[in-house]
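Below: the structure, in structure tokens.
The values are calculated or read from the model by the stated rules, or taken from the named source; none is laboratory data. Since we're looking at a predicted model, the values are computed, not measured. Note: ideal-geometry Cβ built from the backbone for every residue, glycine included; neighbour counts use all protein chains shown. When the accessible area is computed, the model is the full protein with side chains, heavy atoms only, and any ligands, DNA or RNA have been set aside. Shrake-Rupley method; radii C 1.70, N 1.55, O 1.52, S 1.80 Å.
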Amino acid sequence: LFLTLAGVTLLFTQAQLNGTLDRVAHAAVRICRGNAGLIPVMFFVLGSVIASLGPGNVATAAMLAPMAMAVAARASIPPFLMAIMVGNGAQSGALSPVAPTGIIVTGLMDKIGLGGFEIRTYVANLLAHAIIAFGGYFLLGGLQLFKHRYSGREQDAESTRLNGSHWVTLAIIGVVLVFVLFLNANIGMAAFTGAVILAALRVADHEQAIRRMPWIPILMVSGVSVLVALLEKTGGLDLFTEILARFATPGTLTGVIAFVTGVISVYSSTSGVVLPAFLPTVPGLIARLGGDPFGVASSMNIGAHLVDMSPLSTTGAMCIAGISDPEQVRQTYNKLLIWGLSMTVIGAIGCYLAF
């Protein structure tokens, strides 16, 4: 797990540092041709695609959120609307089989007998975030933005032009994805190989990339995995499962579990703490209450991720940090906090109805 997370993170940190991902983002904004309503939609799509290709939700949000919020200020787009689109876009790609959180979840689900569900898990999370993001965007004022035009420097051809280093980086990433998706290559080793090639060709600063890698989250995830394994050996997970089973019935299990994981995820790491702690309890819950194991696991995955637009979570905090107008910070913070907390209920209802 450690080598896989480190390899994927290193490769995409290199791509971020040499400007490749930034140029792709600018090109995507230019495609909107000045339609202010389309810009947040484009950032959702861009966030989803980039996160799905390997960087994951946190790295993608860190890259896109500052630019998205800057564009929102210039285009007179409410920062709250831009935040829920770019943030949920990044979150929608979190469970891609080649993204860090997706890798973690795949490993956890393999251990509980749910191997082979990688694509279904990814699609379920993507659809949940798309429905929530676009529903909120259109209901809260996004339709009005389609009447406005915007012309800014993000649309300049110079800001979207790819040079040789950028094309090489994109080609290497593409080859890594082909080997992982179609030739069953180990994700971590393939990513490390791509990173070494970029360093050898001198199109990316590997030393700076290693320094910029999020080592604390990587170590935290690895450490929590060891802790969960220890709990399993000592009977702690069985006790945890019994406690959860007391608060649910066979008919309400998916809704209850989505609510519980959502509440905890508001102030805790989704990939590092919540999912490694809850997913191993699925077999025990099914044994006690019955139901569909995939539905219960998906409720945990979706419930934990939907709340991450709260400013108390990383994705929401990055969006707040990107707001340049001090007068907009407090009100956007409050709106995102209400949004994130409301997702505990909305996620629970959605998972109850869907699974």
Selection status of VAL282, at pLDDT 90 or above, buried (at least 24 other Cβ atoms within 10 Å of the Cβ), in a helix (DSSP H, G or I) and touching a Gly at 6+ places or on another chain (Cβ under 8 Å): no
Given the condition within 21 Å of LYS335 (Cβ to Cβ), assigned to a helix (DSSP H, G or I) and among the hydroxyl-bearing types (Ser, Thr, Tyr), answer yes or no: does some residue in the stretch 45-68 qualify? no
What tally of residues in the stretch 237-256 results from selecting those that are open to solvent by 70 Å² or more (accessible area, probe 1.4 Å), farther than 23 Å from LEU227 by Cβ and assigned to a helix (DSSP H, G or I)? 1
Just one listed residue, out of THR9, THR106, is open to solvent by 20 Å² or more (accessible area, probe 1.4 Å), free of Cβ contacts under 8 Å to residues at least 24 places away in the same chain and more than 21 Å from ARG161 (Cα to Cα), and it is THR106
Would you pick out the residues in the stretch 265-279 that are without any contact (Cβ under 8 Å) to a residue 60 or more places away in the chain and either surrounded by fewer than 24 Cβ atoms within 10 Å (Cβ to Cβ) or under 18 Å from GLY316 (Cα atoms) (or both)? SER265, TYR267, SER268, SER269, GLY272, VAL273, VAL274, ALA277
Flagged pairs (Cβ under 6 angstrom, 6 or more apart or on separate chains; first in the stretch 62-77, among the small types (Gly, Ala, Ser) and at pLDDT 80 or above; second open to solvent by 30 Å² or more (accessible area, probe 1.4 Å) and not in a loop (DSSP other than H, G, I, E, B)) are ALA65/MET318
Condition broken by ARG202, with the remaining ones in (1) within 25 Å of LYS111 (Cβ to Cβ); (2) out of contact with any His (no Cβ under 9 Å at 6 or more places or on another chain) satisfied: (1)
Can you give me the number of residues within the stretch 307-354 that are of a type in the set (Ser, Thr, Tyr) and without any contact (Cβ under 8 Å) to a residue 24 or more places away in the chain? 2
From VAL71, VAL45, VAL98, grab the single residue that is open to solvent by less than 20 Å² (accessible area, probe 1.4 Å), under 14 Å from the mean Cα position of the chain (by Cα) and either under 27 Å from ASP205 (Cβ atoms) or not acidic (Asp, Glu) (or both). VAL98
Could you count how many residues in the stretch 301-334 are over 13 Å from the mean Cα position of the chain (by Cα), of a type in the set (Ser, Thr, Tyr) and open to solvent by less than 60 Å² (accessible area, probe 1.4 Å)? 2
